1. Need the failing condition index for PRO102 against (1) modelled with pLDDT of 95 or more; (2) more than 30 Å from GLU184 (Cβ to Cβ); (3) not β-branched (Val, Ile, Thr), just the number.
2. Give me a count of the residues in the range 51-101 that are of a type in the set (Lys, Arg) and more than 26 Å from LEU180 (Cβ to Cβ).
3. Within the range 38-63, how many residues are at positive phi and either open to solvent by less than 10 Å² (accessible area, probe 1.4 Å) or not polar (S, T, N, Q) (or both)?
4. Can you tell me which residues in the range 130-160 are touching a Pro at 6+ places or on another chain (Cβ under 9 Å) and surrounded by 14 or more Cβ atoms within 10 Å (Cβ to Cβ)?
5. Just the residues that are in contact (Cβ under 8 Å) with a residue 40 or more places away in the chain, open to solvent by less than 70 Å² (accessible area, probe 1.4 Å) and not in a loop (DSSP other than H, G, I, E, B), please, taken from the range 111-128.
6. Suppose we keep only residues that are more than 11 Å from CYS80 (Cβ to Cβ) and assigned to a helix (DSSP H, G or I) within the range 42-63. Which one would you say is farthest from the chain's Cα centre (by Cα)?
7. Which of the residues that make up the range 63-88 are of a type in the set (Asp, Glu) and free of Cβ contacts under 8 Å to residues at least 60 places away in the same chain?
8. Six or more apart or on different chains, Cβ under 6 Å: which pairs go from a residue in the range 222-240 that's under 12 Å from ALA287 (Cα atoms) to one that's part of a helix (DSSP H, G or I) and aromatic (Phe, Trp, Tyr)? Could you list them?
Amino acid sequence: MPRSSSRRRYPVEALAPLAAALLACPVASAQPRDPTAAEALFEAGRAALLANDYEAACPKLRESYALDPAPGALLNLGDCEEKRGRIATAWAIFQQLARELPPHDDRRPIARSRAAALEGRVPRLVIRLAPGAPAGTAVQRAGVPVGAGSLGSPLPMDPGEVEVTATAPGWQQRTFPVRLVEGELTEVIVSPEPPAARGGGAGPALPPQALPPETGRSSAWRTAGWISAGVGAVGIGVGAAFGLRAIGKKGDAEAHCDAANVCAQRGLDLQRQGVAAGSISTVAFLAGAAALGGGAVLLLTAPRAAQRSPAPGATIGVVPGGLVATGVF
């Protein structure tokens with residue numbers, strides 16, 4: 001693709017919007033023009049493109065267009081960007097050329113067909129603010145600010161890794177790494193990091209005070225004693241309940257037995273139930289009494305914590321905002 005077909009040239013102003021968008025130049029027509037250097041860079045870029053050295057070819061073609069905006073240089077640049085995998089960049093170049101070139105230019109249908117072929121391959125990124133994002137949140141994608149109008153819109157981008165950042169006054173910046181895949185729509189919901197909690201002005205927290213060894217041992221001993229006593233009380237209660245049941249069953253059985261203690265089947269069943277309840281009552285009473293006694297022994301023999309009075313003294317410490325003094329007398 002020659003730099004200019006049949007030496008046809010178009011006013012720089014006609015291609016200035018395209019140059020500004022693609023080359024990040026505020027006003028392409030305001031740049032110093034150097035057609036000679038532009039032609040040399042174009043030839044070098046074309047040679048590198050034919051040698052499949054796209055990393056060398058694309059910058060030369062881009063600079064050639066910046067020095068002398070010619071549609072041929074831009075068409076070759078789009079071809080180069082596509083071949084090195086920058087699908088969105090190439091798509092934007094072909095789209096703009098298809099719109100900007102005059103209808104009779106034979107390169108216009110080429111640009112249109114190339115743009116159409118890339119349309120479905122362009123990755124798109126949708127950025128949304130999280131519901132809790134603070135007012136004034138500023139978002140950037142790959143270092144480019146994302147305005148309010150762009151939020152929620154599918155933005156075409158080249159495939160690969162990209163970082164989206166979100167920040168707000170008083171909040172910490174948060175980075176969201178995103179991987180864009182050819183032909184896929186990716187959505188990311190962003191919000192800055194909440195501010196870190198700030199401590200108050202009450203000074204540093206005092207270190208925890210360790211209990212003396214005797215105090216810890218006494219507390220454990222007494223706890224075991226109270227637990228044992230509680231278990232004993234429950235056992236005695238269970239024994240009493242089953243004892244009353246045994247007495248009741250014995251009384252119920254008497255109604256089914258004669259004076260010689262000859263009982264009907266119902267009487268025999270009630271007698272057996274009474275004996276079983278009595279056995280449970282005896283075991284529960286014995287276990288409860290043992291546990292209650294053991295708990296009492298533990299409580300009575302638990303070592304007493306030493307009552308130590310702190311020695312008089314005073315300390316002065318530096319804290320944020322001034323001094324703090326403590327004393328014991």
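The values are calculated or read from the model by the stated rules, or taken from the named source; none is laboratory data. Owing to the predicted nature of the structure, the values given are computational and were not obtained by experimental measurement. Positions of Cβ are generated from backbone atoms using ideal geometry, with glycine treated the same way; all protein chains shown enter the neighbour counts. With ligands, DNA and RNA removed, areas are computed over all heavy atoms of the protein, side chains included. Shrake-Rupley method; radii C 1.70, N 1.55, O 1.52, S 1.80 Å.
1. All conditions are met except number (1).
2. 1
3. 0
4. ALA133, PRO134, THR137, ALA138, VAL139, PRO156, MET157, ASP158, PRO159, GLY160
5. ARG124, LEU125, VAL126, ILE127
6. Once the filter is applied, the top-ranked residue is GLU43.
7. Selection gives GLU63, ASP68, GLU81, GLU82.
8. The qualifying pairs are GLY239/PHE285.
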